[in-house]
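Bear in mind these aren't lab numbers, they're just calculated from the coordinates by the rules spelled out. All values reported here derive from a predicted model rather than from experimental measurement. Cβ placement follows ideal geometry from the backbone for every residue including glycine, while neighbour counts extend to all protein chains displayed.
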Amino acid sequence: MVAPIAVAIDAPDIETAARWASSVAPHVSTVKVGLELYLRYGPDVIASMRGANKVALFLDLKLHDIPATVAGAARSVARLRPSILTVHAAGGRDMIRAAVEAAPETRIAAVTVLTSLEDAALEEIGLRGPAHDAVRRLAVLSVEAGARALVCSPHEVSSLRAEVGPDITLITPGVRPAGADKGDQARVATPEEAIAAGADLLVIGRPITRAADPGAAAATIAAALRRASTASA
Ligand code: C5P
């Protein structure tokens, strides 16, 4: 069984992206493509990552515009059949709903508050803090508008789960296996902790893609998650 992991394929070019995707695909449910690769290569990068791999696609484009424009963008990428597409919750209720309606086969995931923004930065852009209140407010709004998934930090998972119920997919970046380099991620949790807190899908990038053997790194994390779930069953 593959692990509930979306590997962030933040690769410098399309060949590397395809190679990483093939190495991790046997072990994980999902691969995630972000703005850097998608803006450079468009749908070609999706095709080359899918290749012969049976893996779901998470398109992390964080759309944020007026509802009609977001609907058009969501419709355009819906043809690529991503399982998940991100939008910024701050675009508001009508924008989120427009994305949901334009891509009915795709799970629209709302990004609440970027984890790069601290309370002072939130204040500066006029978003009432503290951050965790803003996250909760935007999460509820997103779900009311039809989003079926939320992107949040592992530290917000349990409180958001209580807020939005069991049917919403909670997706968490900021995941680091014990002992791994934290890089620029400040508040991290291990994969086992994030799942225990109630996360449904873990976004993991560099601990896998920058390993000497990305396939082996993905397999090791997947095995640790399997052991943890057997132990808690
Ligand atoms: O390499 P690493 O595991 O830090 O990769 C995390 C991925 O998740 C990156 O693609 C990053 O853009 C994304 N992300 C994040 N924090 C968020 C939202 C997305 O790190 N709050």
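Pop the C-beta distance of Thr69 and Glu36 into the FRET formula with R0 = 22 Å and round what comes out to the nearest 0.05. Computed FRET efficiency for Thr69 and Glu36: 0.55. For region 17-58, the mean projected area of the C-alpha convex hull, equal to one quarter of the hull surface, is 2.5 nm².
Put a dot 7 Å past the Cα of Arg79, heading toward its Cβ, do the same for Arg210, and the two dots end up 3.7 nm apart. What's the long-distance tail for the chain, i.e. % of Cα pairs beyond 30 Å? Above the 30 Å cut-off, the chain has 22 percent of its Cα pairs.
Here the Gaussian network model covers the chain, with springs between Cα atoms less than 10 Å apart; of Leu202, Leu57, Leu117, Leu117 fluctuates the most. Approximating the spin labels as points 7 Å out from Cα along Cα→Cβ, the Met1-to-Arg137 distance works out to 4.0 nm.
Using 0.36 nm per residue and subtracting the Cα-Cα separation, the extra length available between Leu117 and Ala224 on full extension is 35.4 nm.
Once C-alpha pairs closer than 8 Å and six or more residues apart are averaged by separation and normalised to the residue number of region 1-64, the relative contact order reads 38 percent. Counting only Cβ charges, +1 for Lys and Arg and -1 for Asp and Glu, the dipole size of region 106-194 around its Cα centre is about 260 debye. When each of Ser29, Ser232, Ser142, Ser159 is scored by the number of other beta-carbon atoms lying within 10 Å, the sequence from fewest to most is Ser232, Ser159, Ser29, Ser142. Only helical runs count toward this figure. For the chain, summing -39,500 (n - 2.57) over DSSP H runs of n ≥ 4 and dividing by all residues gives -13000 deg cm²/dmol at 222 nm. Net length available on complete extension from Asn53 to Ala231 is 61.1 nm, with 0.36 nm assigned per residue and the Cα-Cα distance removed. The relative contact order of region 5-160 comes to 17 percent, based on Cα pairs under 8 Å that sit 6 or more residues apart.
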